[in-house]
Amino acid sequence: MQLSKGRPRGGGDGQERWVEPLDGHDPAPAEDGQVRYDDPWYDALASGWGESAGDGAQGTGLIPSARTEDGTGAAAADVYLEVQHSAAFQEVRRRYRRFVVPAFAVFFAWYVGYVVAATTAPELMARPVAGAVNVAMVAGLGQFLSTFLLTWAYARHARLRRDRAALELRWDTQELTRGVNGGTS
């Protein structure tokens, strides 16, 4: 039986039992008499999204402005734009692309090559390697092995080439936004 987040649940016998509320929120009765979980975040975010305006046109979702009452939101956005255009950020992105683009190209070519060989050259893929093991099985296991190898190489590259610089950028950005917001972030 699944958790019900404050909604009554039963074992199929028609009786409803009380479930303790989660996160300190009390369940609120809905219009139809059912008990529903009162989640202000869900209600605020989900209302109006993807609903039609009634005339077949897509409804416009409310998107909060970047500006706050005292104007600090715009200044914080300027900080993020400044960091995005900085040489340090561009270097982190360059290091990322220098690894990901060639790795993607090699892995994708290897995957497509496997699929094309399996569909166009079944006699090659059926060639035995050792006993009942054929080329298709070895290549299929090679797909798994190359996936794990690529994951390890990506994590190692990130740890050695990008993580320290990205963390420094993060701290600098937090300090700049803290200064813009008057010491609170």
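The values are calculated or read from the model by the stated rules, or taken from the named source; none is laboratory data. Everything numeric in this text was worked out from a predicted model, so none of it was measured. Cβ coordinates were reconstructed from backbone atoms using ideal geometry, including for glycine residues, and neighbour counts include every protein chain displayed. Note: accessible area is taken over every heavy atom of the protein model, side chains too, but ligands, DNA and RNA are not part of it. Shrake-Rupley method; radii C 1.70, N 1.55, O 1.52, S 1.80 Å.
Based on what the data block shows, is LEU149 exposed (fewer than 12 other Cβ atoms within 10 Å of the Cβ), part of a helix (DSSP H, G or I) and free of Cβ contacts under 8 Å to residues at least 12 places away in the same chain? Quick ask: steps written out before the conclusion?
Values: exposed (fewer than 12 other Cβ atoms within 10 Å of the Cβ): no; part of a helix (DSSP H, G or I): yes; free of Cβ contacts under 8 Å to residues at least 12 places away in the same chain: yes.
Considered against the rule, which asks whether it is exposed (fewer than 12 other Cβ atoms within 10 Å of the Cβ), part of a helix (DSSP H, G or I) and free of Cβ contacts under 8 Å to residues at least 12 places away in the same chain, LEU149 comes out as no.
Of all the residues in region 129-144, those that are part of a strand (DSSP E or B) and either among the β-branched types (Val, Ile, Thr) or touching a strand residue (DSSP E or B) at 6+ places or on another chain (Cβ under 6 Å) (or both) number 3.
So that you can scan it fast, the table gives a plain yes or no per residue for (1) farther than 25 Å from TYR96 by Cβ; (2) surrounded by 14 or more Cβ atoms within 10 Å (Cβ to Cβ); (3) of a type in the set (Gly, Ala, Ser):
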| residue | (1), (2), (3) |
| --- | --- |
| TRP110 | no, yes, no |
| GLY113 | yes, no, yes |
| ALA132 | yes, no, yes |
| ALA166 | no, yes, yes |
| ARG170 | no, no, no |
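Looking only at helices (runs of 4 or more DSSP H) that lie completely in region 42-127, which have at least 2 residues being within 28 Å of THR177 (Cβ to Cβ) and at pLDDT 85 or above?
Correct list: 72-84, 87-120.
For ARG156, are the conditions met, namely being within 25 Å of the chain's Cα centre (by Cα) and either open to solvent by less than 90 Å² (accessible area, probe 1.4 Å) or of a type in the set (Asp, Glu) (or both)? So ARG156 does not fit the description; no.
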